[in-house]
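The values are calculated or read from the model by the stated rules, or taken from the named source; none is laboratory data. What you are looking at is a predicted structure, and each value in this text was computed from that prediction instead of being measured. Note that we place each Cβ from the backbone using ideal geometry, even for glycine, and neighbour counts take in every protein chain shown. Side chains included, ligands, DNA and RNA excluded: accessible areas come from the protein's heavy atoms. Shrake-Rupley method; radii C 1.70, N 1.55, O 1.52, S 1.80 Å.
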Amino acid sequence: MLGAWLLLWGGLALGCRGETAFLRRADDSAGRCTYSFTVASPVEAACPDAGGVPELRAELAALAARLSRLESRERVAGGSGPRGVEAGGARDPQQAAPAARLEAAYSELLRAKSRLEEEKRRLEREKEELGRRLESNTQEITRLRATRCPPGGEGPGRAAPAHSVPGPAAAPRWDPQPLTYQELQSERTEVPASRLLEETALGHPGSKDSAGCGELVWVGEPVVFGRAESIAGKYGVWMKDPEPVPPFTRETTWRVDTVGTEVRQLFQYEAAEQLAQGYPAKVHILPQPLESTGAVIYRGGLFFQPRRSRALARYDLRGEAITAEREIPGAGYHGQYPYSWGGYTDIDLAVDETGLWVIYSTEKARGAIVLSKLDPETLEIRRTWETNIRKRGVANSFVICGTLYTVSSYSAPNATINFAYDTATGTSRALSIPFENRFRYLSMVDYNPAERQLFAWDSFNMVTYPVRLSQA
């Protein structure tokens with residue numbers, strides 16, 4: 001292409017002489033590339049003096065300069081000219097640097113893709129595990145319904161309550177609004193209560209006046225009735241009234257989720273099966289916020305400790321109003337003398353065959369459990385017993401037939417009922433009755449004398465324990 005162009009240019013340049021110019025390229029004696037033209041003179045047979053053609057010499061010099069520039073451009077473009085860079089030769093360092101950066105970025109993208117794929121596989125495994133757990137829980141609920149809800153719905157001789165809500169197909173699931181969470185203190189150091197006994201001779205419970213009373217000798221395995229679905233239900237209290245008043249029955253079930261600074265919602269269910277389904281018949285809004293998990297239902301009233309106070313209050317479930325309120329003299333509150341798990345459990349109410357009790361401590365008692373019998377109408381203290389059991393040394397407590405029993409641990413899977421204080425004799429003794437913490441965080445235990453069962457709240461789960469009493 002270059003030679004043809006030069007021939008054309010030469011022909012044009014010498015057209016005035018009417019001859020054709022020929023281009024020749026060859027190495028000279030120094031090894032340099034030299035271009036030369038050959039043209040026949042129309043008037044001369046020989047060239048005695050080459051310098052006599054000055055115009056031709058100028059044209060040749062201009063052509064040589066132009067050819068030199070063309071060779072330089074060809075080298076820069078990576079061509080295959082005589083002095084250009086051959087194909088596959090060394091790469092320009094300025095061009096190699098961007099390529100190296102691109103390769104590094106591509107490698108990093110591949111590594112990120114690999115990490116994302118691994119994370120995807122991990123999430124899929126977790127999804128499968130959650131699916132298996134959900135299926136297991138569904139089977140457990142189905143089993144409980146089959147054993148506790150026989151076909152026929154309400155059962156013989158039991159009418160449906162007039163104010164009950166529709167079944168699961170029609171009623172929306174209760175979902176409380178998000179709450180600001182109540183700060184909780186937790187001390188995991190477990191101190192067996194038996195170590196805290198004074199080294200004195202320990203007596204045994206005396207006889208009880210109430211029929212059917214006796215000494216606790218056995219606690220069975222927990223049975224799950226329901227589960228709280230929101231974080232507000234990590235700790236809570238659920239209960240039945242052992243001596244209900246109309247329109248409520250022994251089947252009416254109550255629940256309070258106690259995580260939050262303004263705990264005011266009391267959920268009412270027509271039966272424990274409705275509690276398992278999560279559909280309350282009614283929600284009571286308490287006039288005052290409730291503190292912790294010490295509340296009980298007794299004779300048509302909710303007895304509870306108002307938040308940040310050493311008082312007790314009675315909320316009438318029929319009239320939906322506070323009918324009695326009284327302070328407990330010297331009682332610690334809001335974290336002064338809680339159980340070992342914390343949770344502001346300074347004041348704990350209990351019900352047994354003999355009536356209503358309150359469990360607490362005072363500065364005078366130096367943190368030991370104080371037990372008082374209450375008038376359920378006025379909340380007046382009838383009688384008080386001071387024990388030698390440190391309240392922080394036990395996980396929880398309850399009263400059966402006038403005897404206080406304590407639980408050794410709120411988190412150990414194989415805990416024990418480790419201590420008893422008999423109010424009839426004013427004596428205490430160590431026990432070792434097995435008690436299972438299935439879900440490893442026990443925040444409430446209460447005895448129901450009508451059903452002769454313990455009701456407990458264990459890390460979102462509402463459970464019962466069957467018990468056995470010896471004959472007095």
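What's the FRET efficiency of GLU243 with GLU380 using the Cβ-Cβ distance as r and R₀ = 25 Å, to the nearest 0.05?
Taking R0 as 25 Å, the efficiency between GLU243 and GLU380 is 0.85.
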(request) Name the residues whose placed amide hydrogens come within less than 5 Å of the amide hydrogen of PHE304, ignoring near sequence neighbours (fewer than 5 apart) on the same chain. (result) ALA313, TYR315
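Taking the solvent-accessible surface of protein heavy atoms with a 1.4 Å probe, what is the per residue accessible area of segment 381-451 in Å²? Display every interim value, and only then the final one.
On the way: 2220 Å² over 71 residues.
The answer is 31 Å² per residue.
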(request) Compute the signed sum of charges (Lys and Arg +1, Asp and Glu -1) over the other residues within less than 14 Å, Cβ to Cβ, of GLU320. (result) +3
(request) Please report, in Å, the Rg and the Dmax of segment 219-370, where both are computed over Cα atoms only. (result) 15.3, 46
(message) Residues of segment 217-259 with the amide nitrogen closer than 17 Å to a label point 7 Å from the Cα of ARG452, along Cα-to-Cβ, please.
(response) 217-221, 242-243
(request) Divide, for segment 286-385, the radius of gyration over alpha carbons by 2.2 N^0.38 Å, where N is the residue count. (result) 1.00
(message) I'd like the accessible area for ARG122: 1.4 Å probe, protein heavy atoms, all chains in place, Å² to the nearest 10.
(response) 80 Å²
(request) Ignoring everything but the protein chains, give the 1.4 Å probe accessible area of LEU469 in square angstrom, nearest 10. (result) 20 Å²
(request) Describe numerically, in nm with one decimal, the distance between label points set 7 Å from Cα along Cα→Cβ at TYR106 and at ARG32. (result) 4.5 nm
